[in-house]
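A short worksheet on the structure shown next.
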Amino acid sequence: MTADMYREYILQHYRSPRNYGRLENPDIVHEDDNPLCGDQVHIEVALDDQDRVADIRFQGKGCAISQASTSILTDKVKGKTLEEIKALTKDDVFQWLRIPISPMRVKCAVLGLMVLQAGIHHYEARRGR
Amino acid sequence: MRGMPVDIEAVRRDFPILARQVHGKRLVYLDNAATTQKPAAVIEALDRYYRNYNANVHRSVHKLAEEATLAYESARQEVARFLNAARPEEVVFTSGTTEALNLVAYAWGRANVRAGDAIVYTDIEHHSNLVPWQLLAEAVGAEIRVVEVDPEAGLDLDRLEAVLDERVRLVTLPHISNVLGLELPVAEVARRAHQVGAVVVVDAAQSAPQQPIDVQALGCDFLALSGHKLYGPTGIGVLWGRYELLAAMPPFLGGGEMIRRVGLTRSTFADPPARFEAGTPKIAGAIGLGAAVEYLEGLGMDRVAAHDRALAAQAHEALLEVPGVTVYGPPPDRRAGLVAFSLDDIHAHDLASLVDTEGVAIRAGHHCCMPLHDRLGVPATARASFAVYNGPDDIEALVRAVHAARKVFNR
């Protein structure tokens, strides 16, 4: 049932997202949108000297699913290495969300992860890896 | 009978899909501007063709081919009558509105629009009536002029006049906006465009299912529509064009069916409509569309128009009663059969997903009108669109579902 997509903790993340805002000196900055829905996500990441996520912030607008899943994502990736984040898949996102994502809404649910992974690729390309 | 309203219960019995349930609830299908459901008459016409006389048309001389050809060409006559075309040869079967518009942009456009010429369209076009002209303008070096349409008041003809001059070769517009439910004054636009010698192309994807279309009264030069939005099958559509224009146009796609004589280095081409129907045509699709048109004529397009508009007006008013709802487009009394709306800052996709749990199918998104949504200042809207089988009970279900969605978001 679709209503299950809108459980209270999802709506909590949507109304009061975690790690919302910008960073002082981010190492990774990336944003993208889902043109089909108009969902937008902007992510900034500060890394420690081991290339682990020291801090992360996001801003965005869009549907509850895209914004809540990005909020949850930012919590989950703190302390993770870039390699670990690059290995994440949409199934990881679905597990964190703990709600049935209807096929038409998958793009909303994984937007945050796509933006973060694209940001990492740009960052690594810049650093010549 | 004219004057009598549509008998909703009888019509519903004609649409087998309405018997099914969605999430355990009665299906309330309000996504008709995307595609309509199909009456049994259409489904049975397809079934009859495939079971009894499936054959390729025009070429073979056997019995099945004769029956298939007759049915295919009868469908063309049905559609010609439906549009009040001067002759059936003005009806070209395409895969849909998109292909019909591209056919004009490629075949007519590349032969008639040159560097320095201008193309005029509105800022409320569906992407299918934007992109083909953008590609044409880029290919030949033509200029694009955009006429702004007020979402509520409609098209101000003075704004159109302001961009019309001798350089304008083509003016195109939607008959009814698929987002705003706004009807544009096609006949007036055509009269003014013709004064500067421009050709007028009408996107009738939304109007053809909703109201009688008379291409001669509209005075346009080309008109495009989709079969699947007109209670017919997917994969079939129509380009209607004035015969002299079609006859003077080079082909679009090359292949079988569209030729007169083929040599190894050059060929001559058939007369319209065959010139524009390369390859084996959409035989079943055309037969299904013919059945759809016949079904609609049985109901009477005047009654269909009155029915769809009454429901849209009622839905508009009922939705405005819900706190936080904004409705886009003209007032109820000037509204065609659809209503786009938003609810507070709740994203349209969230709204559509929640409404779906109540068995109510609506559309959410930019409805292939990104420029218009930029103008409205929202990334997406929800849209309820009406058809002959919808009734006041469907509007009640929609409004109930929107209220329920508000609760989920604590609004």
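Read-outs throughout are calculated quantities, based only on the coordinates presented, and are distinct from any laboratory measurement. Since this is a predicted model, take the numbers as computed values, not measurements. Because the Cβ atoms are built from the backbone with ideal geometry, glycine has one as well, and the counts that use them run over all protein chains shown.
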| request: May I ask you to work out the translational diffusion coefficient for chain B at 10 °C, viscosity 1.306 mPa s, via Stokes-Einstein with Rh from the Kirkwood sum over Cα pairs, reported in whole µm²/s? | output: 72
| query | With contacts defined as alpha carbon pairs under 8 Å and 6 or more residues apart, what's the relative contact order of chain B in percent? | reply | 23
| In the range B:43-297, what percentage of the DSSP-assigned beta bridges are antiparallel, given to the nearest 5? | 45
| remark: With DSSP loop assignment and no more than 12 other C-beta atoms within 10 Å, the trypsin sites (Lys or Arg not before Pro) in the range A:1-80 are A:Arg22
| query | Size of the dipole of the range B:245-379 about the Cα centre, Lys and Arg at +1 and Asp and Glu at -1 on the beta carbon, nothing else charged, in debye to 20? | reply | 960
| field | Where GluC sites (Glu not before Pro) in DSSP loops with at most 15 other Cβ within 10 Å are excluded, longest remaining stretch of chain B | value | B:167-320
| task | Could you size up the charge dipole of the protein assembly as shown around its Cα centre, putting +1 on the beta carbon of Lys and Arg and -1 on that of Asp and Glu, and report it in debye to the nearest 20? | result | 1060
| task | Could you point to the residue in B:Ser95, A:Gln40, B:Thr265 farthest towards the positive end of the protein assembly as shown's charge dipole, with +1 and -1 charges on the Cβ of Lys/Arg and Asp/Glu respectively? | result | B:Thr265
| field | Taking B:Thr381, B:Thr69, B:Thr98 and counting other C-beta atoms within 10 Å, the order from fewest to most | value | B:Thr69, B:Thr98, B:Thr381
| said: List residues of the range B:306-350, by number, whose backbone nitrogen lies under 16 Å from a label position 7 Å along Cα→C-beta of B:His23. | reply: B:347-350
| request: Return the single residue from B:Ala111, B:Ala41, B:Ala310 with maximal mean-square fluctuation; model: Gaussian network over chain B, springs between Cα atoms under 10 Å. | output: B:Ala111
| Simple spin-label model, 7 Å along Cα-to-Cβ: B:Arg334 to B:Tyr50 in nm? | 4.6
| remark: Here D for chain A, in µm²/s, from Stokes-Einstein with a Kirkwood Rh over Cα pairs at 20 °C and 1.002 mPa s, works out to 146
| field | the range B:22-60: trypsin sites (Lys or Arg not before Pro) falling in loop per DSSP and having at most 16 other Cβ within 10 Å | value | B:Arg59
| remark: Going through B:Lys25/B:Lys229; A:Lys61/B:Lys407; A:Lys61/B:Lys25; A:Lys90/B:Lys229 one by one, the pairs whose alpha carbons sit over 30 Å apart turn out to be A:Lys61/B:Lys25; A:Lys90/B:Lys229
| note | Of the range B:202-221, those with amide N under 19 Å from the point 7 Å along the Cα→Cβ vector of B:Gln195 are B:218-221
| field | Most positive-pole-ward Cα, B:His62, B:Ile283, B:Tyr49, against dipole of the range B:43-297 from beta carbon charges | value | B:His62
| Label-point separation in nm, A:Glu31 to B:Glu321, each point 7 Å along Cα→Cβ | 4.1
| What angle, in degrees between 0 and 90 and rounded to the nearest 10, separates the Cα long axis of helix B:63-83 from the longest principal axis of the Cα atoms of chain B? | 60
| message | Running a GNM on chain B with Cα contacts under 10 Å, which residue among B:Ala315, B:Ala193, B:Ala115 ends up with the highest mean-square fluctuation? | response | B:Ala115
| message | Connecting C-alpha atoms closer than 10 Å in a GNM of chain B, tell me which of B:Gly24, B:Gly241, B:Gly219 has the biggest fluctuation. | response | B:Gly24
| query | Other chains near A:55-66: what is the mean number of their Cβ atoms within 10 Å of each residue's Cβ? | reply | 3
| Relative to the first principal axis of the alpha-carbon coordinates of chain A, what is the inclination of helix A:106-126, with its axis defined by its Cα atoms, in degrees from 0 to 90 and to the nearest 10? | 10
| note | Asserting the computed 222 nm helical MRE of chain B (DSSP H runs at least 4 long, -39500 (n - 2.57) per run, divided by residue count, to nearest 500) equals -11500 deg cm²/dmol
| field | Loop-resident sites, the range B:236-325, for trypsin sites (Lys or Arg not before Pro), counting at most 13 other Cβ within 10 Å (DSSP) | value | B:Arg266
| Extended-chain gain in nm, criterion 0.36 nm per residue less alpha-carbon gap, B:Gln134 and B:Ala248 | 38.7 nm
| query | What nm value, rounded to one decimal, do you get for the distance between A:Leu11 and B:Leu264 when each label is placed 7 Å out toward the C-beta? | reply | 7.6
| Positive-end extreme of charge dipole, the range B:43-297 - chosen from B:Gly237, B:Ala107, B:His194 (charges on Cβ) | B:Ala107
| query | Using helices alone, what [θ] at 222 nm do you get for chain A, with -39,500 (n - 2.57) per DSSP H run of 4 or more residues, divided over all residues and rounded to the nearest 500? | reply | -13000 deg cm²/dmol
| task | Could you tell me what fraction of 2.2 N^0.38 Å the Cα radius of gyration of the protein assembly as shown comes to, as a two-decimal ratio? | result | 1.08
| request: Would you mind working out the magnitude of the charge dipole of chain B relative to its Cα centre, with +1 at each Lys and Arg C-beta and -1 at each Asp and Glu C-beta, to the nearest 20 Debye? | output: 1060
